[in-house]
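Structure, as structure tokens:
The values are calculated or read from the model by the stated rules, or taken from the named source; none is laboratory data. This structure is a prediction, so every number in the text was calculated from the model and none was measured. Using ideal geometry, Cβ is built from the backbone for each residue, glycine included, and neighbour counts are taken over all protein chains shown.
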Amino acid sequence: MNGNQHPELQARGLRLRYGKNEVLHGIDLTLRPGCIYGLVGRNGAGKTTLLSCLTGQLAVSEGTVMCGGQPVWENPAALANLCFSREIGTTLGGGPNNMKVRDYLEAAALFLPHWDKEYAARLVERFGLDERKKICKLSKGMLSMVTIVIALASRAPITILDEPVAGLDVVAREDFYKLLLEDYAETERTFVISTHIIEEAASVFEEVILLDEGNILEMGETDELVGQFAAVTGAEEAVDAVCAGHRVLTCERLGRQKQCVVRLPGGPGALRAGSEVYVEPLTLQKVFVTLCGHEEKGGGAA
Amino acid sequence: MTARAVRFSLRWAAMLLGVVVLFALITLGSAALWGTDSRENFMANYLIAFPLLAEFIFLISGASMAMPMLPLMVAMGCTRRAAWAGMQIVTWLCWAVLLVVSLGMFRAGQAFGMETIFSSGAVFNGLFLALAGQLALPAGLLEGRLGRGLVAGGGSVLMLGGLILGAMHETGILPDPGFMAAQVVCAVAVVALFAASHRLAMRLAPKNA
């Protein structure tokens, strides 16, 4: 194992095919050390698949995945830097998952070289988890908590969480984000979090990766990306006039009003908007919906 | 990393072996206390059939171990090579222990003056144990209905096969070299399943373990 405590995770030309069906298309990605990444995408976009390839859980069809300059696949030195915490199945081998919470934590302690046993115990107590309980008997929320304990207590230099807050109530989600930031402040390790609950997590993400149908649509600093988008609302003629010459992504009519979302690489300051229109910034969620949710892609006024 | 995989697998294997050894001790104890007439002591039947039961326990439990263990180890960052090697080491260790226990039971049965159908087939029976263990791993890796079908179907074939072949040899229906040939076929099957489980393990992609 190299002495790099903050390794970089890199994918080059990553493709994954199931038979003739390609699900990841030539992905290039560099996760710099000490950053919290958000990975967002629609259902079926390939988020879990991508994360599985990055962590050596799935063999890629083409391309390379390197961690700290070493290939990840079947490489103990590279794998020692990684922790991929994902949904734990309540069934195994066709039957109920009769393993206990304790079994999973023991497995984690054995195979994750940076495992912090005391921190794990504190987290278990904080979440009120019963280690003697079988996985198949846990609620969805409790299952999420187990995956969170494994991720945080792993202390792995690159920790990846796949939908960690699914099933958690809002109080538990807030607790998770707080724990995440505390851990990050203490360890400065790299986190990658895939989630559908974008708005809550947006404030935590330093950088965001938007995945759509196996391609990276956008990747960059969250504030910088979000700052490029603006919603222009007003009378139709006024909105059209303000948006003329800029890249319009979506438009919709709201009674007599019209709202267009524009992308401005230089920020909303590029718009020459008067009092006849209202210009407002977009949230990350709205940016995501705009880029991934509308039928016509590639810009143009509707 | 293989050492960690062995440690993890051993915990489960220890439970399995503990059950088998306990069962053997109970059987021997009952024979010592209540005799070996199976009409009077039902447990005496297990002195005869112990190797058969050991195969069955080994197969079912081996598959139960493989089904969650390998994907879980890989999901936690263990390499497939190390996880598979660890499980193989533990499987063969279990085989060795079960073989010793089976031989011990067979000798005990002789000491009690019992006729057993495996009187000359203990080593042959050990091959079936090895086969059972090797069947468990790839069956476990296949998961789902195919895996369970292999375990149930394969296990039944092994049990019957061992019983029938042993009886045939014992009664002279299948003398050597036929009996030797059967053992060779068994050994080849062990090697084939060994290769199959390795191939399956190297392609393992844990979904949610």
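Any idea which residue in segment B:148-167 is surrounded by the most Cβ atoms within 10 Å (Cβ to Cβ), counting only those that are closer than 17 Å to B:Pro68 by Cβ and at pLDDT below 75? Restricting to residues being closer than 17 Å to B:Pro68 by Cβ and at pLDDT below 75, the top hit is B:Val151. For B:Gly104, the criteria (1) surrounded by 18 or more Cβ atoms within 10 Å (Cβ to Cβ); (2) under 17 Å from the mean Cα position of the chain (by Cα); (3) at pLDDT 75 or above hold in every case but one, which is (1). Of the helices (runs of 4 or more DSSP H) that lie entirely inside segment A:34-152, those containing 3 or more residues that are within 14 Å of chain B (Cβ to nearest Cβ) and over 21 Å from A:Glu182 (Cα atoms) span A:47-54, A:76-79, A:101-111.
Number of residues in segment A:45-88 that are without any contact (Cβ under 8 Å) to a residue 12 or more places away in the chain and within 22 Å of B:Lys207 (Cβ to Cβ): the value is 0.
Here B:Ala66 meets each of (1) at pLDDT below 80; (2) more than 30 Å from B:Met168 (Cβ to Cβ); (3) away from chain A (no Cβ under 14 Å) with one exception, condition (3). Screening A:Leu14 on (1) surrounded by fewer than 19 Cβ atoms within 10 Å (Cβ to Cβ); (2) assigned to a strand (DSSP E or B) shows it passes everything except condition (1).
Rundown of residues vs (1) charged (D, E, K, R); (2) in contact (Cβ under 8 Å) with a residue 60 or more places away in the chain; (3) surrounded by fewer than 21 Cβ atoms within 10 Å (Cβ to Cβ), yes/no style:
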| position | (1), (2), (3) |
| --- | --- |
| A:Thr90 | no, no, yes |
| A:Arg102 | yes, no, yes |
| A:Leu105 | no, no, no |
| A:Ala108 | no, no, no |
| A:Phe111 | no, no, no |
| A:Glu125 | yes, no, yes |
| A:Lys137 | yes, no, yes |
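I want to confirm something. Restricting to segment B:107-125 and keeping residues that are part of a helix (DSSP H, G or I) and surrounded by 22 or more Cβ atoms within 10 Å (Cβ to Cβ), which single residue is modelled with the lowest pLDDT? Only one residue tops the list, namely B:Asn125.
Against the definition (surrounded by 15 or more Cβ atoms within 10 Å (Cβ to Cβ) and either touching a Cys at 6+ places or on another chain (Cβ under 8 Å) or part of a strand (DSSP E or B) (or both)), how does A:Val204 come out, yes or no? No.
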